[in-house]
């Protein structure tokens, strides 16, 4: 069956055989973490003190499409090493069970569904199993699935996490899009990966930079809301690949539509524009759960001559706000 409309130029992996799972939009809606139907509401769980309203526990059943469908996400089950070819070295593959149930009294086409999993306090993204690049999990056939009244369809979705994520919290954004519509609804599920948490790595301190008014140092938070990590550089040719992490914190009780941040990268004292990274093309931009942080790794190309020199990055928010970060390139 088919379960995702791809709304941007992102490579998405085909995984197992029943369902699709993808992206974001500028007008996400997040239904309450309980069902609108009596049958489903009895199975939904209340938020725990550690889990904000709007985030359901793994195993909960949550309604979408005004109660026409319910979504249930269960997991995480670790697969044996080597079970999924292409999984990055040092990463483990897990399966989650995604079940869609038709609550209508008629045959209906299942909504497209995309899963984005984020782990740890910074909300770094898992990968679709079998790929080093993909950050949204998707599986299924090309034809949409039709489900009988009160019937369900279940798929096993595979996600890859680094070994360092063992024992950490995982927040999953499930974006479901009804047939004939372009805009998804966003649901949030949360659980913990099996295993023992390794020695805790401290999150980047949420303090401003001392580089001067209006400037934040790479690696530090600006106003407790956005952070760019320091930059690493790889390669040996005349053009090098630079990489950094973009982190956006949602401090509100409502979901955010996504990181929504464009990065304008300048090199040298003369501020040569080296790259512009847009959410639509540069990284996967799924909705962010209430009181959670999302982090995405982004990369760009720079000339060899710029390596080691000054780097300035302007982070432009979806609302037009601008934050300037400064540091060194590599």
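The numbers here are math on the coordinates, done by the rules we state, and not lab data. No experiment lies behind these values; they were computed from the predicted model shown. Positions of Cβ are generated from backbone atoms using ideal geometry, with glycine treated the same way; all protein chains shown enter the neighbour counts.
Apply the a/c threshold of 1.5 to the C-alpha gyration tensor of region 220-262 and tell me whether it is rounded, prolate or oblate. Prolate, since a/c reaches 1.5 and a/b exceeds b/c. Ranked by the mean number of other Cβ atoms within 10 Å of their residues, highest first, the peptides 95-103, 285-293 come out as 285-293, 95-103. The ranking of 78, 118, 72 by Cβ neighbour count inside 10 Å, starting from the fewest, reads 78, 72, 118. The P(r) of region 215-328 has a tail past 19 Å containing 43 percent of all C-alpha pairs.
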